[in-house]
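Working notes, structure below.
The values are calculated or read from the model by the stated rules, or taken from the named source; none is laboratory data. Only a predicted model underlies this, so the values are computations on that prediction, with no experimental measurement involved. Heads up, the Cβs are rebuilt from the backbone with ideal geometry, glycines too, and the neighbour counts pull from every protein chain shown.
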Amino acid sequence: MRIPFLSMFMTSPFEGLQEHAEKVTECAWTFQQAIECHLSDRCDRFEDLRQDIIRMEGEADVIKRRIRGHTPKNSLLPVDKFQLFRYLREQDQVLDAVEDTLDWISYRPEPGFPETIHKDLRNLLDAVIDPIEELTRMVIEARKYFETFSEKQRAIVKEIVGTLRRQEHEADHLEDLLKEKIFNMESDGVTVFHSIRLVEYVGSIADHAENAGDMMRAMMAR
């Protein structure tokens, strides 16, 4: 018989996971603003927004270290601790991918990206933000599941994981279409390379969000 988690512990590691997920979502919204700023000729706040994300990534690292440090080796958990940390790693790598994307842009801020792909970049950006926003909801619902082990709650979390997979597949599709468009546009080789690599960085954000969903499902399968 499974014992409800909060009957054994005053503090659940899922509190930290939720706090970390909320920081990831906050970072994603700032990331969207930074990309929109870079694509706009009238915005000069890109570097400020990039620094905001660097600061938030540091705050998320503090949360991550606290989760790891407050989960002693012999803790009795309703999930495998290795899986818990792997989940945290994937959720954290969403932030790393966001930071890598903006760093990549900063290496060659001028002349920017060809206007012919701006709309497609915005569509891809929207597609990768969606699964990030689902992460917080997934952690909240998973936390409820591990408090009650309700099959109804389990079904809710599995549905969110399925949504993450569909969203990631849609982002993959948009990424492939955009790569094809970039390779066929008339531009110099450096611009093509810079644009293609940017698309790959953006696409990897959704990949890590989906991986986090897969790890959450694995934890629930225990």
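Quick rundown of the values:
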item: Complete set of residues in the stretch 83-108 that are over 12 Å from the mean Cα position of the chain (by Cα), of a type outside the set (Phe, Trp, Tyr) and farther than 17 Å from Val199 by Cβ; result: Gln83, Leu84, Arg86
item: Enumeration of residues in the stretch 33-51 that are in contact with a helix residue (DSSP H, G or I) (Cβ under 6 Å, 6 or more places away or on another chain) and in a helix (DSSP H, G or I); result: Gln33, Ala34, Ile35, Cys37, His38, Leu39, Phe46, Leu49, Arg50
item: Enumeration of residues in the stretch 133-144 that are out of contact with any Phe, Trp or Tyr (no Cβ under 9 Å at 6 or more places or on another chain) and buried (at least 24 other Cβ atoms within 10 Å of the Cβ); result: Leu135, Met138
item: Residue in the stretch 62-72 that is surrounded by 14 or more Cβ atoms within 10 Å (Cβ to Cβ), without any contact (Cβ under 8 Å) to a residue 12 or more places away in the chain and either in a helix (DSSP H, G or I) or among the small types (Gly, Ala, Ser) (or both) present; result: no
item: All positions within the stretch 148-173 that are more than 15 Å from the chain's Cα centre (by Cα), part of a helix (DSSP H, G or I) and either among the small types (Gly, Ala, Ser) or farther than 17 Å from Leu124 by Cβ (or both); result: Thr148, Glu151, Lys152, Gln153, Arg154, Ala155, Ile156, Val157, Lys158, Glu159, Gly162
item: Residues (more than 20 Å from Leu198 (Cα to Cα) and among the small types (Gly, Ala, Ser)) located in the stretch 13-49; result: Gly16, Ala21
item: Members of the stretch 20-54 found to be of a type in the set (Lys, Arg) and either surrounded by 18 or more Cβ atoms within 10 Å (Cβ to Cβ) or within 27 Å of Tyr87 (Cα to Cα) (or both), listed by number; result: Lys23, Arg50
item: Residue check for Glu168: more than 21 Å from Ile105 (Cβ to Cβ), surrounded by fewer than 21 Cβ atoms within 10 Å (Cβ to Cβ) and acidic (Asp, Glu); result: no
item: Subset of the stretch 196-222 (residues that are over 30 Å from Val79 (Cα atoms) and crowded, with 21+ Cβ neighbours inside 10 Å); result: Leu198, Val199, Val202
item: So Ser106, is it touching a Lys or Arg at 6+ places or on another chain (Cβ under 8 Å) and free of Cβ contacts under 8 Å to residues at least 12 places away in the same chain; result: no
item: The stretch 34-48, residues that are modelled with pLDDT under 95 and among the small types (Gly, Ala, Ser); result: Ser40
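One line per residue, one yes/no per condition, for (1) in contact with an Asp or Glu (Cβ under 9 Å, 6 or more places away or on another chain); (2) more than 15 Å from Tyr87 (Cβ to Cβ):
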position: Lys119; (1), (2): no, yes
position: Thr148; (1), (2): no, yes
position: Ser204; (1), (2): yes, yes
position: Glu210; (1), (2): yes, no
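For every residue, the table says whether it meets (1) of a type in the set (S, T, N, Q); (2) at pLDDT 90 or above; (3) out of contact with any strand residue (DSSP E or B) (no Cβ under 7 Å at 6 or more places or on another chain).
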{"site": "Pro4", "(1), (2), (3)": "no, no, yes"}
{"site": "Met10", "(1), (2), (3)": "no, no, yes"}
{"site": "Lys23", "(1), (2), (3)": "no, yes, yes"}
{"site": "Ala28", "(1), (2), (3)": "no, yes, yes"}
{"site": "Gln32", "(1), (2), (3)": "yes, yes, yes"}
{"site": "Asp52", "(1), (2), (3)": "no, yes, yes"}
